[in-house]
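Only one structure is covered here, and it is reproduced in the block below.
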Amino acid sequence: MCSGYRIELLMSVWLLTGCHHASHDQAAVTTERTSNGVIASALVPGMIHGASSSDPRAAQYYENPQAVVEGKRLFSQYNCSGCHSNGGGGMGPDLMDNQWIYGDRLEQIHQTLVEGRPNGMPAWGDKIPDAQLWALAAYVRSMSLPQTIAANTGDTPSQTPAPVPREAAQDTGWSPPPGTTNDYTDVIKGPQ
Amino acid sequence: MCRERILTLLLVGSVPLAATAQTVPSPVPAAEVFTRESIGHALAAPTPQAGHTAPSQANAPPDDGQWTMPSKNYASTRFSSLQDISPQNVAQLTPLLSFSLAVNKGQEAAPIVADNTMFVVTAYPNYVYALDLTRPGAPLKWRFSPKPVPASQGVACCDVVNRGGSVDHGKYIFNTLDGQTIALDVNTGLPLWRTQLANINLGETITMAPLVAQGRVYVGDSGGELGVRGWLAALDEETGKLLWRAYSTGPDRDVLIGPGFKPFYAADRGTDLGVSSWPPQAWKIGGGTVWGWVTYDAELDTVYYGVANPGPWNQEQRPGDNKWTAGIFARDPASGQARWFYQYTPHDEHDYDGVNEQLLLDMPFAGQMRKVLVHPDRNGYVYVIDRRSGQVLSADPFGPVNSSRGVDLQTGRLILNDDKATRLGRTTHDICPTASGAKDWEPSSFSPDTGFIYIPHENICMDWQNLEVNYIAGTPYVGADVHMKPGPGGHRGALTAWDPVNRRPAWVVKENFPIWSGTVATGGGLVFYGTMDGWFKAVDAGTGKELWKYKVDSGVIGQPISYRGPDGHQYIAVLSGVGGWAGAVVAGPVDPRDGSAALGFINVMSDLPKYTTAGGTLYVFWLPH
């Protein structure tokens, strides 16, 4: 039942309103009237086109086990690992948590890779073939999947990346306020 | 139904609840490292009766109560002769004021005190604050915001730190992460000049504290993990104009090696060794950055500075001695021409940068007073070097060492332990010291009263595997998978009072976390340092006994100082704000589940978030009166 309304449901999460609100035209969601008539804006980066994948090229990289394996290889070949380690971060932010500064849908990650980002993420658009960028995006998205995390043994994560499920395209992710840290874990216990 | 659906969706991306920090690995067994007696060497037996160890007047003039450069004086003793605060009354030491730096990143700078004004530079975005010490609460005189390019954060290997500025001739001179050296008018906070020296697009940043001496400003680059080519530049203090730049690799004309170059050891003699000790072209991206301490010797009119590791870390991609990396240069300040060079770690394969501080002392050796520099290196040895000639007089381990078996004092060469060589496709276990060294950048102090050097350091080892790496400009050029672990005993840090004459520790204070702060020694007989879990401490300079501690808002990795306030009394100041390479797990956007994160440091620091949070605050302490 619900699956037919998947997009609407996610939009409602995003707008922080209830489940029971009318479906809407996807093209017109840059500003959105909520149930009490207030105009909500698209605060989540890249979400102006709604919650579902808007780039048709992204589709084939979901549910694609080869893509994530290929992405893993490219991740070290292009020195992504130098800044992001095995997903745990270093010079660049960690990618294996559920915090996304610039969005976690494959076309958002792809866009991050193509354009670069202001705080020190290089632009790769004219350096890496597009198909490889998509594979990299899939691998990056896979790092924080529960299946990938579950497959981690020891302290070298992201070695067995699970394919990215299509539902992942509808997760808005979460990111902490800039400059704050320690948000990777729900609960940290003090020293015993 | 709807709720169920939402729940599933949220779970798809969220971190499982069980994913708390990894546990810290178990320590390397004590039997894995060599004893000091078995690998420490000296050219002669100690002769303590031959004289008193102290810096010369020229390099450490009588204390005027100010603190105008991070190292306090040219000798780099970080010794304050002030005696108000003593073992008898230090228990009464309390904070007088604190000041938020508005930057929650690793704060490594020394506060600077000149003309009753305190100057502080923060981690990126490198704010500079000038505080008026003559007024209650030390109100702000001015704040300068240099606005470094944000992208510089992405090419800073190990947090976005800054190691401080200096005041000289009415100017506060400091560097920015994006590669500028800036001189501010101390009264107005307005820039007198700005010189762009480093290029972030090549992976170059600047994190070091410039040294200002005799009208020249010395600045070097960071970026050894990004395939940059290291250099030291000298600028005119009045105009900011570049006087000379000496590269650490490449042909002699770029390295400023000419007829005046007289290295002590045969291995450093020859033409264009900075090219021939590398595979073709590899010197162009071979590292050898200059991000540590530059020292000026007013007696011998010489500049000394350490050169960092060769790149990439994967040593199999760069056979050869890789000159002039992981060593020390002595240069003529006016021309930049090299006088001598000594390579602490030829063909480094463990990231042992040679950039730590050098203390300029006059010290008894073999029955005579010798002009030496003392340098505790990342590779684990305290070197005592004749600073006229570059000859090593003694080299003794002060931390856990098994990557080498001592220094051959005939050839000057470090004797490698093949068991700890690093390889492609094979992990070498339990290498000591770790990549960040038995000691990293955090500077020691020296007290002429005790004759001890107070070395803040680490007790950490590592597992290492080489990886194939491609050079892509502006990206890391490392090629190694590193996982760190505690050294023998399990404590990750230590404060060692080193007796350079008798070549042994006088006492050692163990700390749970690596000590990443500097130390300051005082005429009152105290040594101050901070811990990564947020304690600022005073110990007895003679015995190491802990006499006082105060818990600040975040871990301490800064350089404490001691100064005389406008009221004539002694004050102690330090910055809190954990971070740096060792503190990345708190200050950086990293995940403790990845032991290789932050170049392998996370593995051994995953519990730090239990103890401290990010911060950034100036603290000033006093005895209430």
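For the range B:105-118, 3J(HN,Hα) computed residue by residue from phi via the Karplus equation (6.51, -1.76, 1.60; θ = phi - 60°) reads 10, x, 9, 9, 7, 8, x, 10, 10, 8, 6, 6, 10, 10 Hz, glycine and proline entered as x. Residues in the range B:616-625 carry Karplus couplings, in order, of x, 9, 8, 10, 10, 10, 8, 8, x, 8 Hz; the curve used is 6.51 cos²θ - 1.76 cosθ + 1.60 with θ = phi - 60°, and Gly or Pro positions show x. Enclosing the Cα atoms of the protein assembly as shown in their convex hull gives a volume equal to 159 cubic angstrom per residue. If you roll a 1.4 Å probe over the protein assembly as shown with all protein chains in place, what percent of the accessible area is carbon or sulfur? Carbon plus sulfur share of accessible area: 54 percent. Mean per-residue shielding of peptide B:601-608 is 2, counting Cβ atoms of other chains within 10 Å of each Cβ. Summing +1 for each Lys or Arg and -1 for each Asp or Glu among the other residues whose beta-carbon sits under 13 angstrom from that of A:GLN147 gives -1. The figure for B:LYS141 is an accessible area of roughly 90 square angstrom, using a 1.4 Å probe on the protein chains alone.
Give me the dipole magnitude in Debye, nearest 20, for the range B:30-92 about the Cα centre, with unit charges on the beta carbon: positive for Lys and Arg, negative for Asp and Glu.
On the way: 3 positive and 5 negative charges, 17 e Å.
Here the size comes out at about 80 debye.
Does the range B:496-625 classify as rounded, prolate or oblate by the C-alpha gyration tensor (a ≥ b ≥ c root eigenvalues; a/c under 1.5 gives rounded; else a/b over b/c gives prolate, otherwise oblate)? Oblate, since a/c reaches 1.5 and b/c is not below a/b. Listed by chain and number, the aspartates and glutamates whose alpha-carbon sits under 19 Å from that of B:LYS371, ignoring those within fewer than 8 places in the same chain, are B:ASP297, B:GLU299, B:ASP301, B:ASP332, B:GLU357, B:ASP362, B:ASP386, B:ASP396, B:ASP449, B:ASP499. Approximating the spin labels as points 7 Å out from Cα along Cα→Cβ, the B:SER389-to-B:GLN83 distance works out to 3.9 nm.
Which of the pairs A:LYS189/B:LYS537; B:LYS439/B:LYS510; A:LYS72/B:LYS485 have their Cα atoms more than 18 Å apart in this structure?
Values: A:LYS189/B:LYS537 25 Å; B:LYS439/B:LYS510 14 Å; A:LYS72/B:LYS485 26 Å.
Cα-Cα > 18 Å for A:LYS189/B:LYS537; A:LYS72/B:LYS485; rest within.
Put simply, when B:130-138, B:277-285, B:293-301 are sorted by average Cβ atoms within 10 angstrom per residue, most first, you get B:293-301, B:277-285, B:130-138. Between the amide H of B:LEU416 and those of B:ARG405, distances stay under 5 Å, these residues lying 5 or more places away or on another chain, with hydrogens modeled in the peptide plane.
Dipole of chain B computed with +1 at Lys/Arg Cβ and -1 at Asp/Glu Cβ about the Cα centre; of B:ALA614, B:PRO433, B:GLY230, farthest Cα towards the positive end is B:ALA614.
If you place +1 on the Cβ of every Lys and Arg, -1 on the Cβ of every Asp and Glu, and leave all else neutral, what size is the dipole of the range A:58-173 about its Cα centre, to the nearest 20 Debye? Walk me through the numbers before you get to the answer.
Numbers: 7 positive and 12 negative charges, 35 e Å.
So the dipole magnitude of the range A:58-173 works out to roughly 180 debye.
For B:GLY311, the amide hydrogen comes within under 5 Å of the amide hydrogens of B:GLY287, B:GLY288, counting only partners 5 or more places away or on other chains and with H modelled in the peptide plane. Taking all protein chains together, B:ARG503, B:ARG163 sort by accessible area into B:ARG503, B:ARG163, largest first [probe 1.4 Å]. Per-residue ellipticity at 222 nm, computed for chain B from helices alone with -39500 (n - 2.57) per DSSP H run of at least four residues, works out to -1000 deg cm²/dmol. On full extension, the segment bounded by B:GLU238 and B:ASN201 gains 10.5 nm, given 0.36 nm per residue less the C-alpha separation.
Go through B:ALA598, B:HIS483, B:ALA130 and say which Cα lies farthest out towards the positive end of the charge dipole of the range B:2-622; charges sit on Cβ, +1 for Lys and Arg, -1 for Asp and Glu. Farthest towards the positive pole: B:ALA130.
Counting, for every residue in A:96-102, the Cβ atoms of other protein chains within 10 Å of its Cβ and taking the mean gives 4. The dipole here belongs to the range B:161-252: it is taken about the Cα centre, uses +1 on the Cβ of Lys and Arg and -1 on the Cβ of Asp and Glu, and is about 20 debye. Rolling a 1.4 Å probe over the protein chains gives B:VAL509 an accessible area of about 30 Å².
Here the range B:2-622 carries DSSP beta bridges of which approximately 95% are antiparallel, counting only pairs with both residues inside. Backbone phi angles across the range A:69-75, fed through the Karplus curve with coefficients 6.51, -1.76 and 1.60 (θ = phi - 60°), yield HN-Hα couplings of 5, 4, x, 4, 4, 5, 4 Hz in residue order; Gly and Pro are listed as x.
Each of B:HIS625, B:LEU495, B:VAL539 was scored by the projection of its Cα onto the charge dipole of chain B, and the greatest displacement toward the positive side belongs to B:HIS625; charges sit on the C-beta of Lys, Arg, Asp and Glu.
Within a straight-line Cα-Cα reach of under 17 Å, B:LYS147 can be paired with the following lysines, leaving aside sequence neighbours fewer than 8 residues apart in one chain: B:LYS105. Note on B:LEU97/B:LEU424: beta-carbon distance plugged into 1/(1 + (r/R0)^6) with R0 of 51 Å gives a FRET efficiency of 0.40.
Only Cα sites of the range B:154-209 enter the Debye sum here, all with the same form factor; the resulting log10 I(q)/I(0) across q = 0.25, 0.31 1/Å is -0.94, -1.19, listed in q order. Between B:THR411 and B:ALA473, residue separation times 0.36 nm minus the direct Cα-Cα distance comes to 18.6 nm. Could you bin all the Cα-Cα distances of chain B into 20 Å bins starting at 0 and give me the percent of pairs in each, rounded to whole numbers? Per 20 Å bin, starting at 0, the Cα pair percentages come out as 21, 58, 19, 1, 0. Report note on the peptides B:55-66, B:530-541, A:81-92: ranked by the mean count of other C-beta atoms within 10 Å, highest first, their order is A:81-92, B:530-541, B:55-66.
Partner chain Cβ atoms within 10 Å, averaged over the residues of A:150-163 - can you pull that number for me?
3
List the residues of the range B:611-625 whose backbone N lies under 15 Å from a point placed 7 Å from the Cα of A:LYS189 along the Cα-to-Cβ direction. Answer for the range B:611-625: B:611.
On association of chains B and A, roughly 4200 Å² of accessible area becomes buried (total for both chains; probe 1.4 Å).
The values are calculated or read from the model by the stated rules, or taken from the named source; none is laboratory data. This is a predicted model, so every value here is computed, not measured. Note that each Cβ is placed from the backbone with ideal geometry, even for glycine, and that neighbours are counted across all protein chains shown. Heavy atoms of the whole protein, side chains included, go into the accessibility calculation; ligands, DNA and RNA do not. Shrake-Rupley method; radii C 1.70, N 1.55, O 1.52, S 1.80 Å.
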